[in-house]
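Remarks on the structure that follows.
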Amino acid sequence: MLPKRSKKIWKIGLVKKRINNLNELLPFSQLQALLQRGDITCQDIVEQCLHNITQGAHLNAFLRVYAEEAKQNATSIDQKCRESSPLPLTGLIVGLKDLLCYQDHPVQAASKILEGFISQFSATAVQRLVAKDAIVIGHQNCDQFGMGSSNENSAFGPVRNALDATRVAGGSSGGSAVAVQAHMCHVSLGTDTGGSVRQPAAFCGLVGLKPTYGRISRHGLIAYASSFDTIGILAQDVQACATVLETIAGPDAFDGTVSQRPVPTYTKLLSLHGKVKVAYLPTTLTHAALQPSIRKKTQAALDKLRQDGHQVEAVDFSLLAYALPAYYVLVNAEASSNLARFDGVRYGYRNAEGTAVADMYRKTRTQGFGQEVQRRILTGTFVLSADYYDAWYIKAQKVRRLIKEQLEVILADYDFIVLPTTPTTAFKIGEYTQDPLSMYLADLYTVIASLAGVPAISIPNGTDSQGLPIGLQAIAPAFGEAKLLAFSNYFAALVKDA
Ligand code: GLN
């Protein structure tokens, strides 16, 4: 039995500082002891998140906030805590990218085409969090169907970076990143097909983890490119990522591609033991698109590893130039197939003005999908068409295989590959909207791990001269999450305040 809590301690002393009227959330790792002692309740934490969501409404991070429901859940979880010990995720406030199904709640992929659609079941990852008493606070803005690198392709307007509201949050999980950045929730579940968790994490100064393909069930995740799609985690620290990963990963009868491997208790494995062998890829550091301050910070981070006794070596990676083209051919092909199901008949929005069925399909899809989604469906259909299939789709598959093999060779010899997460820091809203190819360049360094299906993480690595966050990426062998998280935990502390 816990003592009855008397005052809202977060309001008087436990809050570290206030930024822009936002109450900074205590790290989840510190909450459990306070909850146990009754110094804080889930109701307090939910109130604090809701306060921050209201204060940061102009950032456009959330599409739907489940305020009343979150408060009710908090009340019943608090009641449970008075009778028995908290569960592992008691007190954890979670936001969901608008691509993840949550039973009896709308989900829209931030697109008009799913207007009015209500999920009949929860994604496995969501259900596993809720079963451990995490509280879902709302659905977050993103690029439609996860297609974008700046969160400007949403039917609900762009997400703004909390550090500078004239700049993008990154994408496609931009709302998920800003929600954590602005202390509206502890963690967000995003999705990472080609960088959509790591890139916004880098732009917002967060930790963003893309696990191995197949580590987390995709059941209940609206498909973009099924052979790439992974659920990813955005958090303020590595520990919170580990807590969520060990809860949601693992076998699931609803997803035939999920791995049967047992899930390590990542939170118990967060200390790095001994020295590691790290590869860096000079082609990533000499690329013309790389902002000089990011190059300098990445090199400084590698130097720190060396000074700390780790082995750091340059390794040839000649295929970098082919990664982005191969990625965009393949994901568009898969998207054109996956999105064929949105025809106005089965889901969401329908334009019923036409008289013939074909007319209804055409009008529904023209009005329902955003411009970038349509561009991708068209190019994807083109690369899969009989006359061009070999020249584009099959060729891109071959390039994917070569990249995967080259990465596997490197990762057989080295524990990790370290490289920048993005070529630039957060750019201005509108800067690249008329220039899709420049926008695609934002994914230059993230698509590599996605093509190979291996885990990768972005951790904060200081800021540029304008004070904008820089991300540092580490890639590990398939299913190497435990060591990757331990290394990131150590590395994030090593480069902090550099
Ligand atoms: N920006 C990349 C794209 O548009 C990555 C998206 C993602 O990972 N969902 O495809």
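Contact annotation: residue pairs with Cβ atoms under 9 Å, 6 or more positions apart or on different chains, pairing a residue in the range 110-130 that is touching a residue at least 24 places away in the same chain (Cβ under 8 Å) and aromatic (Phe, Trp, Tyr) with a partner that is buried (at least 17 other Cβ atoms within 10 Å of the Cβ) and assigned to a helix (DSSP H, G or I), are PHE121/GLN127. Picking from residues in the range 219-242 that are of a type in the set (Ser, Thr, Tyr) and crowded, with 24+ Cβ neighbours inside 10 Å, the one that is nearest to the ligand (Cβ to nearest atom) is TYR224.
Count of the range 150-179 residues, restricted to those that are under 16 Å from VAL207 (Cα atoms) and in a strand (DSSP E or B), is 1. Screening the candidates SER188, SER196, SER154, SER149 for the property of being within 27 Å of ILE135 (Cβ to Cβ), surrounded by 24 or more Cβ atoms within 10 Å (Cβ to Cβ), within 12 Å of the ligand (Cβ to nearest atom) and of a type in the set (Gly, Ala, Ser) yields one hit, SER196.
Taking the criterion of being out of contact with any Lys or Arg (no Cβ under 7 Å at 6 or more places or on another chain), assigned to a loop (DSSP other than H, G, I, E, B) and modelled with pLDDT of 95 or more, the only residue of the range 68-90 that qualifies is THR90. Picking from residues in the range 290-311 that are open to solvent by less than 20 Å² (accessible area, probe 1.4 Å) and aliphatic (A, V, I, L, M), the one that is farthest from the ligand (Cβ to nearest atom) is LEU305.
Checked against (1) in a loop (DSSP other than H, G, I, E, B); (2) closer than 27 Å to ASN489 by Cβ, ILE231 passes all but condition (1). Number of residues in the range 355-371 that are surrounded by 13 or more Cβ atoms within 10 Å (Cβ to Cβ) and either within 20 Å of TYR393 (Cβ to Cβ) or not charged (D, E, K, R) (or both): the value is 7. Test GLN466 against the criterion of being open to solvent by 10 Å² or more (accessible area, probe 1.4 Å), within 24 Å of GLY174 (Cβ to Cβ) and either in a loop (DSSP other than H, G, I, E, B) or in contact (Cβ under 8 Å) with a residue 12 or more places away in the chain (or both), and give yes or no. Yes, satisfied. Among the residues making up the range 268-299, those that are in a helix (DSSP H, G or I) and closer than 20 Å to PRO460 by Cα are THR284, LEU285, PRO292, SER293, ILE294, ARG295, LYS296, LYS297, THR298, GLN299. Listed by first and then second residue, the pairs with beta-carbon distance under 8 Å, at least 6 apart or on different chains, first residue in the range 297-320 and of a type in the set (Lys, Arg), second modelled with pLDDT under 95, are LYS297/ALA498; LYS304/ALA498. Could we say that VAL159 is at pLDDT 95 or above, within 16 Å of the ligand (Cβ to nearest atom) and either under 13 Å from VAL244 (Cβ atoms) or open to solvent by less than 20 Å² (accessible area, probe 1.4 Å) (or both) here? Yes.
The values are calculated or read from the model by the stated rules, or taken from the named source; none is laboratory data. Treat the numbers as computed from the prediction; the structure is a model and nothing was measured. Ideal geometry is used to build each Cβ from the backbone, glycine not excepted, and the neighbour counts take in all protein chains shown. Only protein heavy atoms, including side chains, enter the accessible area calculation; ligands, DNA and RNA are left aside. Shrake-Rupley method; radii C 1.70, N 1.55, O 1.52, S 1.80 Å.
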